[in-house]
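Scroll down for the structure; my scribbles are underneath it.
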């Protein structure tokens, strides 16, 4: 591999890593702050992609579709949190696992009833449809660069909210000690409802913005579920910074794994995760238990 | 899904066709004939995916098969038809249980399925060697099903993986290409199709520079596209299906490779997907046993009838379902409606010698190993449709290596 | 652990039902019961980890599938293999895999344990599905059921469906009895101590990582036993048998049935299996109803189905 190839692959890896961060961001939030293992994360991502497909069909504009889709996702998140999740906060984590597993089944079937089982493409918005030349014969799609920029924006936004706002302060307080926070008069129930809805909205948003490159089909959520957990766990639970660095690490490892050790490409990310956890059992930036 | 004429895939049992009488509830021993007008139904068990990524294939196959039987009067050998459908979930671990339910509990006369090759092998394990049912595979392409694992009572109405891309090599060589990179998922179908596609290419003196294998069912292709750009082959031979195929074709074009390195593959790369792929698919040459644009009276009628019945465009999977229906009709006509255990040899004999003149894909016949002998077309995407350039290979028969059938 | 009268009676009733079932059930339902007994054994093995040791494994299908693969690999194309040799090979393979994976995994806990077990299972899954020598993604046939013979004397014939049914039932009972014994022994008490408070158990002088590892190996070996039975039963193994979907299903069965009891996973296996089977029969949208059932169960039945029994008046010990 010469230098040019190395740089191109590094770009691919970083770009893929950013995409992984976006996909996993909603999970980091729910998982890190509420301690809920949300298996339905992939299903929310899929719902987002289908919302994009449906709303683009109606409006002919991806950005408008996203603007319309986010409130729907937030509403879905709020309803699910109030109706189901909120009743499980005092329970064992495994009950939440089982509940969100049930949610996957319900959401998958709902998708099928609403939108059918066909494969669909969502067109890339015209103003971002071009490519920029990269090497003598390879170009880079502008839309992918756009997604990378959006990922960076989401990362910065999450950091700002959590580190700098009153909501973020409440969130951090609630995550570290729920009883104490409630005793101080903060409505922890409302905070968690907001966090959950935000997490669902982020999952759906990544599905929407990714729809033009991923295409839209039943079962697409399964594929992002596991990789999202890998990202969050490598980074360390509750750490947005960890998830960001974890995602970049995985993006790079996966990309170079495919090129350098093609026979073991599918195992590289899992081997990486195992190694990280053996070295630091609480993830790269997780707090020691 | 509000169109009531649409035959929806369903796990519920229901009757199609004439003479739905009270006799249907009988289980176990089924008398084939009562008095006139009171005949027991023929049971057709269906094991296809109706959920998950492959659900659209399961629907298309079911629709095609039911449409064929409807066209023949809605009966099989003069008897009404009872369809018993189970969602295969495209899951090999669940396949033995599903198959046994249809074979042992429901005692189906015919078993139609599946889409997924792993499921097909698990089904074959249950079905092979029994007198009943006769199994008809409407999609799964694993070569072994009509090679080493072929069986007396198992027939394929679709294709072997080998057939779909064997002519690819010649096509690429004819276009003057000397070097090729192959790219597909790292799984059995991908390996089989790529091996077939490069067989002739090598014979004509072409060289395979690299075999790129993407973890299944991953759809992140960017690293490999950069590899291809650096390798600069004359052509790329690729196989993906469904959502993966849409994404691959779009990514390939977006990476700017489409114009400098032409893309070839089996028809699954573009068939029924050109709408989702858009302009990115233009110019791709593929080989397959069907194309929607095939200009024959049979195909035109088929497309029109399918659209009318299901309010949807037919695809290659619907054709395979349709031909499955034709095979069912031929089998049962050979015994004049008798599906008892002792009628099995006559039905098997009829299917072994089956000729299907009225298939939307063009006439084909059954090989000794129970796999279609058929024309493979060369197609190219033009104006958003797969246009037929000609026949890439006439009467192509799978080599059926290792198939021993003691008939 | 509970030894109060009601569960004992329930155990006897369940055993009598299972033992009598082949005489009344009909070929298909007997086969289904067989499948569910195997699932029950698989779930029991996981419950030792999840319910008693406090280790939630999301890669348990690795041991289940691996044993099946070993059977497929050692069974020749033209003749059967000895049951004893096959059992020894399959269980040894599962135990060895569990030892290696467990050695790495028990250093972590909580969600990190979930993910590291998933990681190892996924690596094994990809290894098998990408190796043509192991049948690749399409899987392998087990050409013959093993022969249970001593010398030339055929002890029992596993090809006979009735014999195989009772062989599986006996194996399930043996697994159940083994786990009961282990959990009553001091070793089992330490495991439960780890689940409740690992720090305190360590402070009492027990080397907890070693206890967790032994528990992991026992669970993996029992999962291998279930996988062996499944491969004999269906004659087919595929990478799908090791996939995270299967690991997820068995985990759901344990939670659904009630972790931390031994009858819970068995009840879970039968409830889940019969419900899935029944729903697939009556509705096209069976997945939706399965999901609704699971959600309702979590909301209204904490502690799974076993919670019903435990909460029954006079029934439970807690």
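Every number here is computed from the coordinates shown, using simple stated rules; none is lab data. Keep in mind that this is a model prediction, so the values were computed, not measured. When we count neighbours, we look across all protein chains shown, and the Cβ atoms used for this are built from the backbone with ideal geometry, even at glycine.
Data overview
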quantity	calculated
Segment A:56-109: translational diffusion in µm²/s, Stokes-Einstein, Kirkwood Rh over Cα pairs, 10 °C, 1.306 mPa s	122
10 Å Cβ neighbours from other chains, averaged over peptide C:294-302	6
Exercise: per-residue mean of other protein chain Cβ atoms within 10 Å, A:140-153	1
Hydrodynamic radius (Kirkwood) for chain C, which is based on Cα pairs only, to one decimal in Å	20.2
Three-way shape label, segment C:1-158, alpha-carbon gyration tensor, a/c 1.5	oblate
Mean separation of Cα contacts under 8 Å, 6 or more apart, over the residue count of chain A: relative contact order %	37
Peptides A:261-270, B:298-307, A:83-92, B:279-288 ordered by average Cβ neighbours within 10 Å, highest first	B:279-288, A:261-270, B:298-307, A:83-92
Computed P(r) (all Cα pairs; segment B:198-247; 5 Å bins; percent)	4, 16, 28, 22, 17, 11, 3
Overall Cα dimensions of chain B - principal axes, largest extent first, Å	73, 47, 39
Between 0 and 90°, nearest 10: helix B:55-71 axis offset from chain B longest Cα axis	50
Fraction of antiparallel bridges per DSSP, the protein assembly as shown only, in percent to nearest 5	45
Computed over segment C:5-311: relative contact order in percent, which uses C-alpha pairs under 8 Å that are six or more apart	32
For the protein assembly as shown, the fraction of alpha-carbon pairs in successive 10 Å shells from zero, as %	2, 11, 20, 24, 22, 14, 6, 1, 0
Share, in percent, of DSSP beta bridges within chain B that are antiparallel, nearest 5	40
Nearest-ten-degree value, helix B:297-310 long axis tilted from longest Cα axis of chain B	70
Normalised contact order of segment A:25-92, rounded percent, pairs of Cα under 8 Å and 6 or more residues apart	17
Nearest-ten-degree value, helix B:316-334 long axis tilted from longest Cα axis of chain B	30
